[in-house]
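Asker: The following block contains the structure, expressed as structure tokens.
Readers should treat all values here as calculations from the given coordinates under stated rules, not as data from a laboratory. No experiment lies behind these values; they were computed from the predicted model shown. Positions of Cβ are generated from backbone atoms using ideal geometry, with glycine treated the same way; all protein chains shown enter the neighbour counts.
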Amino acid sequence: MLLTVCRRTAVAVLAVVPLLVTAGCSGNSVDLGGRDASASGSGATGSTAGTTSGASPSGTATEAAPPAKGSVTVVRTLTENLNTPWGLAALPDGDLLVSSRDKGTITRVDGTTGKKTVLGTVMGVSASGEGGLLGIALSPDYASDHMVYAYFTTDSDNRIARLLYDPEKPPDEQLGAPDTVFRGIPKGYIHNGGRIAFGPDGMLYAGTGESGTSNLSQDKKSLGGKILRMTPEGDPAPGNPFGDSVVYSYGHRNVQGLAWDDKQRLFASEFGQDTWDELNAIEPGGDYGWPDAEGKSTDAKFVNPIAQWHTDDASPSGIAYVNGTIWMAGLKGQRLWRIPLNGTKAAAAPQSFLKGEYGRLRTVLAAGGNKLWLTTSNTDGRGDPKQGDDRILEVEVE
């Protein structure tokens with residue numbers, strides 16, 4: 001695989017803080033692991049399974065853990081009738097941007113009324129299978145540059161571009177042409193990854209998939225099956241573990257969610273194959289085992305997940321961190337998972353909510369305080385769409 005980076009003249013040089021990440025799987029039984037050496041309120045008490053585990057990377061027993069059990073209440077349905085929603089980003093005024101995987105559009109959703117305004121279409125998107133317009137993120141300098149970053153599939157690859165958003169223009173004409181900052185990520189009918197997020201260090205992180213070719217995950221020269229870390233201009237970020245490379249961690253199958261805790265530690269969710277989905281705490285340079293390991297391994301060279309699920313129970317997608325807890329959306333599992341943390345290990349057995357109530361759940365985004373935004377994913381070709389699908393839910397969590 002030929003790694004191609006579109007370099008820019010301006011390269012951000014920022015202090016580097018090592019980050020940690022986690023990933024997860026779905027299933028009726030839940031393992032906690034670690035490194036071995038409608039619009040009306042819908043309440044839920046949730047269900048749990050699993051056993052506690054040993055320490056995970058850089059975990060600390062001195063940190064206060066949230067309660068073992070929590071709760072979820074669906075406050076309202078913000079908006080309905082979305083087509084294949086995938087990425088979600090919050091604007092400074094409280095409105096949301098949501099990407100459509102299959103249509104290749106970005107839509108603004110009023111955070112109060114739910115009114116939808118189509119900004120425009122991202123040129124170059126080639127939607128097929130699990131590919132299309134996937135994750136979106138606002139520039140760290142959005143207040144001054146009004147740039148929206150997007151991860152999308154083209155005819156030849158997966159890539160990341162930034163687009164100028166001008167709300168003063170007419171609807172459907174508010175997005176500028178894509179300015180590609182990074183290209184050459186392997187594409188496939190499956191396993192395109194696609195989640196992007198700017199970290200607390202100002203660097204851009206991207207979760208990629210191995211595009212159905214599992215040996216790419218262990219090849220550090222390939223961009224497939226990795227978590228990438230780069231500057232906003234697409235250059236390898238200062239302090240990356242493999243020199244002049246954007247690769248931050250490897251041995252992943254299909255990274256779907258990225259989130260940081262309040263101590264700047266990174267966590268990631270990941271699709272397993274037939275046995276275990278994962279939630280991982282990410283070590284810079286860490287090998288997460290795929291395809292040699294799925295879920296926990298006895299081989300000390302692999303970083304073990306902090307929690308794992310049978311794939312029928314999770315098939316995890318987006319994650320968010322709120323008040324000491326990772327919240328993880330489940331596609332095939334059709335539920336929202338709560339994983340309380342103690343440092344970089346699970347403090348108690350994961351607890352599930354909303355099982356089957358809204359179908360497949362794709363993206364979860366912290367909304368301030370104890371609130372989340374949660375998108376459904378029933379129009380993605382694998383769900384059973386009902387009237388009103390797909391939708392964005394406002395959820396209150398404890």
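Asker: Rounded, prolate or oblate: pick one for the stretch 152-251, where a ≥ b ≥ c are the square roots of the eigenvalues of its C-alpha gyration tensor, a/c under 1.5 means rounded, and failing that, prolate if a/b is larger than b/c, else oblate. Spell out each step's value before the answer.
Answerer: Details: a/c = 2.68, a/b = 1.47, b/c = 1.82.
Oblate.
Asker: Output wanted: per-residue J couplings in Hz (rounded whole) for the stretch 301-309, from phi through Karplus 6.51 cos²θ - 1.76 cosθ + 1.60, θ = phi - 60°, x for Gly and Pro.
Answerer: 7, 9, 7, 7, x, 7, 8, 9, 9
Asker: On a C-alpha basis, how far is the centre of the stretch 305-350 from the centre of the stretch 178-203 in Å? Whole number, if you could?
Answerer: 22
Asker: Per residue Cα convex hull volume for the stretch 175-305, in cubic angstrom?
Answerer: On the way: hull volume 15.3 nm³, N = 131.
That works out to 117 Å³ per residue.
Asker: Order 72-78, 269-275, 169-175 from most to least packed using the mean count of other Cβ atoms within 10 Å.
Answerer: Highest mean packing first, the order is 269-275, 72-78, 169-175.
Asker: In this model, which of 301/332; 115/169; 296/345; 220/301; 69/345; 263/301 are farther than 19 Å apart at the alpha-carbon? The partial results should precede the final answer.
Answerer: Details: 301/332 30 Å; 115/169 17 Å; 296/345 14 Å; 220/301 15 Å; 69/345 16 Å; 263/301 25 Å.
Over 19 Å Cα-Cα: 301/332; 263/301.
Asker: Quick check on the stretch 290-373: take the gyration tensor over C-alpha atoms, sort the square-rooted eigenvalues as a ≥ b ≥ c, and tell me if it's rounded (a/c under 1.5), prolate or oblate.
Answerer: On the way: a/c = 2.26, a/b = 1.38, b/c = 1.64.
Verdict is oblate for the stretch 290-373.
Asker: Counting only DSSP beta bridges with both residues in the stretch 235-334, tell me the antiparallel percent, nearest 5. List each step's numbers first, then the result.
Answerer: On the way: 18 of 19 bridges.
Approximately 95 percent, going by the DSSP bridge assignments.
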